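Okay, handing you the structure first.
The values are calculated or read from the model by the stated rules, or taken from the named source; none is laboratory data. Computed from a predicted model, the values in this text were never measured in an experiment. Here the Cβ positions follow ideal geometry from the backbone for every residue, glycine too, while neighbour counts run over all protein chains shown.
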Amino acid sequence: MTTQELLPSNPFRADAYLDRSQAGQARLMGEVTFDKVIEAFRHYISRELDARDGKEDIDTEYLARKHRAIIGEKADKQYFIQKVHDFIREFPQYQNTRYPEYYPSLTEAIFQHHLGFGPMSVWFANPTESATVNGTQILFGTHGSSTKQLQPFEFDSIDQVKRLIRTLTLKDADTQVNQTHNWTQVDMVDGTRVTIFTPPLSETYVIVFRQYLFNEFTFESVAKHRTIPGDSVQWWKLLSRLMLTMMTTGIRRSGKTTLLKVIYGARDPDLEVVTVERGTFEAHLKRDFPKRSSRIHSLKSTLEDMNSLFPAFLRSDAHYMMVPEIRSMEVDLLILSRERGNGCLASYHSPYVLNIPLELADLSLEVRPNRDHRATYVRTAQSLDVAITMWEDPTGRKIVTGVYAYEFDHESSSFTVTTWMKYDRQTDAWAFHAEIPPQLKQRLEDTYPDVLVPFLTEFQRLAQAHPLSGQAVRTVRV
């Protein structure tokens, strides 16, 4: 007879017996309100912390662990989940309670309500692209739409929202909000970007969650999402490898930063890049391209120090620079990068391609008004090779609406904008025009002839298959 045959078919399990026994005790003791359960758990945690030696160190460790748990560190969340289990086992009367129905279990309800995201945890269980907490009210983004839907549940009070903000920001003094610093940004482990606004900047407390569900940074994946035409993948790869100064531009949430990463991913993986950001790290190239992390230098700068970063870039031995968002002084990095090298990548918010050089000049002059306006305008017009316009349609689909080539002509003091690719919203199709400005073509023949030849072949193929009608080249006088 085997050992398995000697064992009973339904062996006694002490844990199951204890659970049944405690559940019975809870029923006999009567129902407890969920508020009382949360208050009891709060006292349970406080007593445990008070009982330990070195209270100040313990409090610091506890707060750090609480922060790590809420931003998504699994081990730290499990630590608190185990504390909830211990609490329920020690005080079984608290099992008999009606917790909010949006929590999947009592354990999760106690953890999220006291230590975690509260009702916002529903969104993390099934995330969409974005969600907003506005005061106590909660809105979730919906799949296939660019708008958010008001949820039937909300936070108990504004104090619960304020506790969530404190927990999210307690790790780093630079991310904390106070009377003079009224907004901040926090990055979670899963890549969720959390933007926080507090009074007096905002009327009430606002938390915006953005989750980037796109995680395959290839042109094949972009084409699968119908952001670009499926038959243009090879053209885009070759365009990326020409190491032109390229800018994605469009309104917020149109996919600009994502496409920058795709362009970066199509370039030579052995080339080193410096990313320059203001305030917080948002590009996360190291996270999204771990195999290239040794060749990625991520820099963060204040507005005041932005102009001094270019010498640091030159000393870093990086081949090119990425500026994930141009808002002000970052424009000088674009200008200097184009004047002293190739391949800068950047994003901007204007969809008006004819006006972009002038807008960039105005941005530069906002910070340095003593500069000559025309000379600055000429520099910005010379700094840009390619602009890629983007748009988000009402279903949330990100679409490249145009690709444009720039070339400045000193003799006429003007620049041309040549349409290379254009999207037609009526037909949901793209057209191509395979004309490269003469100076740009000469530069590419001198620097990247091995890439230019197949690029031109692909370009001609697309232009013949999907010809652009109407005016393709426009001239703007400086």
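Name every residue in the range 423-435 that is part of a strand (DSSP E or B) and either aliphatic (A, V, I, L, M) or farther than 14 Å from TRP235 by Cβ (or both), in order of residue number.
Residues satisfying the conditions are TYR423, ASP424, ALA429, ALA431.
In addition: Filter the range 384-427 for residues that are touching a residue at least 60 places away in the same chain (Cβ under 8 Å) and acidic (Asp, Glu); which is surrounded by the fewest Cβ atoms within 10 Å (Cβ to Cβ)?
That would be ASP393.
Let me ask something else. Just wondering, is there one or more residues in the range 13-36 that are modelled with pLDDT of 60 or more, among the β-branched types (Val, Ile, Thr) and not in a loop (DSSP other than H, G, I, E, B)?
Among the residues of the range 13-36, at least one is modelled with pLDDT of 60 or more, among the β-branched types (Val, Ile, Thr) and not in a loop (DSSP other than H, G, I, E, B), which makes the answer yes.
Right, VAL233: surrounded by 18 or more Cβ atoms within 10 Å (Cβ to Cβ) and either closer than 23 Å to THR147 by Cα or of a type in the set (Asp, Glu) (or both) or not?
No; evaluated as a whole, the condition is false for this residue.
Check the range 162-175 and report whether any residue there is part of a loop (DSSP other than H, G, I, E, B) and more than 28 Å from LYS300 (Cβ to Cβ).
No, the conditions are met nowhere in the range 162-175.
This table checks each residue for (1) under 33 Å from the mean Cα position of the chain (by Cα); (2) closer than 24 Å to GLN211 by Cβ; (3) outside the structural domain of VAL37 (by TED's automatic domain parsing).
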site: ILE71; (1), (2), (3): yes, yes, no
site: ALA75; (1), (2), (3): yes, yes, no
site: GLN78; (1), (2), (3): yes, yes, no
site: ILE88; (1), (2), (3): no, no, no
site: ASN96; (1), (2), (3): no, no, no
site: PRO100; (1), (2), (3): yes, yes, no
site: TYR103; (1), (2), (3): yes, yes, no
site: LEU106; (1), (2), (3): yes, no, no
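Further question: Among the residues of the range 436-456 satisfying the criterion of being in a helix (DSSP H, G or I) and in contact with a strand residue (DSSP E or B) (Cβ under 8 Å, 6 or more places away or on another chain), which is nearest to GLY341 (Cα to Cα)?
Selected residue: LEU440.
Still on this structure: Determine which member of the set THR195, THR258, THR249 is in contact with a strand residue (DSSP E or B) (Cβ under 6 Å, 6 or more places away or on another chain) and in the same structural domain as PRO394 (by TED's automatic domain parsing).
None of the other options fit; the residue is THR249.
Additional query: If we keep just the residues of the range 185-203 that are within 14 Å of the chain's Cα centre (by Cα) and without any contact (Cβ under 8 Å) to a residue 60 or more places away in the chain, which is surrounded by the fewest Cβ atoms within 10 Å (Cβ to Cβ)?
THR195
Test GLN426 against the stated conditions and say whether it is under 31 Å from the mean Cα position of the chain (by Cα) and either assigned by TED's automatic domain parsing to the domain that holds MET243 or of a type in the set (D, E, K, R) (or both).
yes
Could you check, for the range 328-336, whether at least one of its residues is at pLDDT below 85 and surrounded by fewer than 19 Cβ atoms within 10 Å (Cβ to Cβ)?
yes
How about the range 128-147: which of its residues are surrounded by fewer than 18 Cβ atoms within 10 Å (Cβ to Cβ) and either free of Cβ contacts under 8 Å to residues at least 12 places away in the same chain or touching a Gly at 6+ places or on another chain (Cβ under 9 Å) (or both)?
If the condition is that a residue be surrounded by fewer than 18 Cβ atoms within 10 Å (Cβ to Cβ) and either free of Cβ contacts under 8 Å to residues at least 12 places away in the same chain or touching a Gly at 6+ places or on another chain (Cβ under 9 Å) (or both), then THR142, HIS143, GLY144, SER145, SER146, THR147 are the ones that fit.
Closer than 28 Å to HIS181 by Cα and either surrounded by fewer than 21 Cβ atoms within 10 Å (Cβ to Cβ) or modelled with pLDDT of 90 or more (or both): is that true of GLU272 in this structure?
no
Turning to a different aspect of this structure: Tell me, please, whether a residue that is within 21 Å of the chain's Cα centre (by Cα), outside any loop (DSSP other than H, G, I, E, B) and in contact (Cβ under 8 Å) with a residue 60 or more places away in the chain can be found in the range 116-123.
yes
In this structure, does ASP362 turn out to be without any contact (Cβ under 8 Å) to a residue 40 or more places away in the chain, surrounded by fewer than 18 Cβ atoms within 10 Å (Cβ to Cβ) and more than 28 Å from the chain's Cα centre (by Cα)?
Judged against the criteria, ASP362 is not a match.
A further question follows. Could you tell me whether PHE281 is farther than 25 Å from ARG368 by Cβ and at pLDDT 90 or above?
no
From the list THR142, THR147, THR195, THR180, which one is more than 30 Å from ASP393 (Cβ to Cβ) and not small (Gly, Ala, Ser)?
THR180
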